[in-house]
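Here the structure is laid out as structure tokens; the discussion comes afterwards.
Please treat every number below as a calculation from the coordinates, not as lab data. Just so we're clear, the structure is a prediction, and the values are computed from it rather than from any experiment. Because the Cβ atoms are built from the backbone with ideal geometry, glycine has one as well, and the counts that use them run over all protein chains shown.
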Amino acid sequence: MCYGCWQEYGSPTIQSTLVYQAATAIAEVYKLHSTGGHLHIVIDDWNLEDEHLDFCQQQVNLARTDPSESTHLADVCQRCINLLRAMSLDERASTLALYDKFWEL
């Protein structure tokens, strides 16, 4: 949760199916991992730029090669990455703020 981070992005409240789907995907990640799993730096720390999604993608790819890692978590994180990649920064900030209940649909 980072209310200040959301404010730094201009407190966007973009309403779209994609934003809702991504917020739902984030909830799925947190059901599997309390600190955001492979997406921690994005969904916990609000690093929303593409280079941070690239790093998370690398972590998901590594997890898929490690037999001790949960493939289900990697799959859920991958879905979330795919949704976030399709968004602008304002949409990404709206998504995290929606998940964090800073605003409601």
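For T35, the conditions (1) free of Cβ contacts under 8 Å to residues at least 12 places away in the same chain; (2) part of a helix (DSSP H, G or I) are fulfilled apart from (2).
Of all residues in segment 46-75, those that are under 18 Å from A23 (Cα atoms), surrounded by 14 or more Cβ atoms within 10 Å (Cβ to Cβ) and acidic (D, E) total 1. Close contacts from segment 72-88, counting a first residue that is basic (K, R) and a second that is surrounded by 15 or more Cβ atoms within 10 Å (Cβ to Cβ), with Cβ to Cβ under 7 Å and a gap of 6+ residues or different chains, come to R79/A25; R85/L53. Given L48, L98, which one is in a loop (DSSP other than H, G, I, E, B), closer than 20 Å to C2 by Cα, of a type outside the set (D, E) and in contact (Cβ under 8 Å) with a residue 24 or more places away in the chain? The unique qualifying residue is L48. Within segment 1-37, the only residue that satisfies the criterion of being loosely packed, with under 13 Cβ neighbours inside 10 Å and acidic (D, E) is E8. Cβ-Cβ contacts under 8 Å between residues 6 or more apart (or on different chains), taken from a first residue in segment 7-24 that is under 9 Å from E91 (Cα atoms) to a second residue that is surrounded by 16 or more Cβ atoms within 10 Å (Cβ to Cβ) and among the β-branched types (V, I, T), are listed as V19/T95. Condition check: under 20 Å from G10 (Cβ atoms), buried (at least 19 other Cβ atoms within 10 Å of the Cβ) and under 10 Å from the mean Cα position of the chain (by Cα). Does L83 satisfy that? Against the criterion (under 20 Å from G10 (Cβ atoms), buried (at least 19 other Cβ atoms within 10 Å of the Cβ) and under 10 Å from the mean Cα position of the chain (by Cα)), L83 does not qualify.
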